[in-house]
Amino acid sequence: MTTSEGEQGSGGAGAGQASAGGGAQRPEARLEQAVRAAEQALIEFEIAVDTFRIEVENFSRLHEQRLGPVYARIEELDARILEVKAARSGDPEDRRLADDARSRLQPIPGVEELLGGWMDGNGLFPEAAAMLTDQPVRPPERVRPSEEARRLYRDLARKAHPDLAQEQAERHRREEFITRVNAAYARGSEAELRELTAEWAAGPKLKEQAPSAGEELYARLEWLAQRKELLTLVAKELEEGAIGSMLRLAPDDPDRLLEEIAEQLRAEVIERETELAALEALEG
């Protein structure tokens with residue numbers, strides 16, 4: 001398909017594009033197209049991974065806020081049951097198990113400062129007392145980006161993705177910008193995302209880059225493949241993690257899944273409370 005005339009014409013200012021007369025592309029053109037396609041495919045994949053990561057983080061926060069007090073109650077009951085059994089048996093091994101269980105429940109010095117106030121000095125969430133006494137519980141913070149926020153996020157990620165940079169300085173600028181985009185999306189803030197969209201549109205225009213040499217294009221493809229492999233591992237870890245696995249069970253209704261888990265945990269609380277009451281009655 002390549003003619004000598006087309007090859008001679010490929011070295012001019014229009015290199016990389018077909019000539020007006022229908023001449024063939026220069027030899028590196030197809031490789032450049034492959035690099036551009038690989039870049040876009042990688043960006044789309046990274047957007048999907050980041051979107052799922054944010055969903056996992058949000059679901060993890062909801063999981064801790066709503067179910068943390070119940071887990072804490074179960075752990076307290078387990079420790080108390082072991083203590084009663086150890087007191088009855090006098091067995092050193094029973095005492096060791098009871099002491100280990102109790103030590104895991106001891107408050108950590110400075111935990112409020114360390115964890116930003118989302119857990120109190122006794123190791124319980126602020127909602128714990130209310131939940132365990134059947135009082136109204138403050139609804140957990142919901143952070144679920146709207147469809148408009150999702151659209152704005154994806155559009156920004158495609159335009160400003162660091163993988164589109166050809167120079168280190170530009171890549172650094174894009175990385176800092178995308179960090180702010182991710183933070184705004186994690187908060188579900190459409191207003192912030194719109195501001196970032198306007199900021200990017202008003203930002204400096206990238207200079208046109210001269211076509212890369214063949215060896216540079218091959219190196220670029222190799223880097224893209226390595227990046228894709230790394231993201232695949234990240235996605236696998238997210239999917240196989242405890243929270244990711246739960247989220248994949250009910251991607252469209254995670255609140256219902258949390259409620260089902262809460263029901264199971266409440267049943268375990270009742271079971272342990274019954275066991276503890278029976279043991280304490282024997283002690284009496």
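Looking at the square roots a ≥ b ≥ c of the eigenvalues of the Cα gyration tensor of segment 148-284, which shape do they give, rounded for a/c under 1.5, prolate if a/b is larger than b/c, or oblate?
Values: a/c = 4.07, a/b = 2.41, b/c = 1.69.
The shape class here is prolate.
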- Message: Quick check: Cα centre of segment 142-167 to Cα centre of segment 79-102, how many Å?
- Response: 54 Å
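A short reminder: the numbers here are calculations on the coordinates, not readings from a lab. Only a predicted model underlies this, so the values are computations on that prediction, with no experimental measurement involved.
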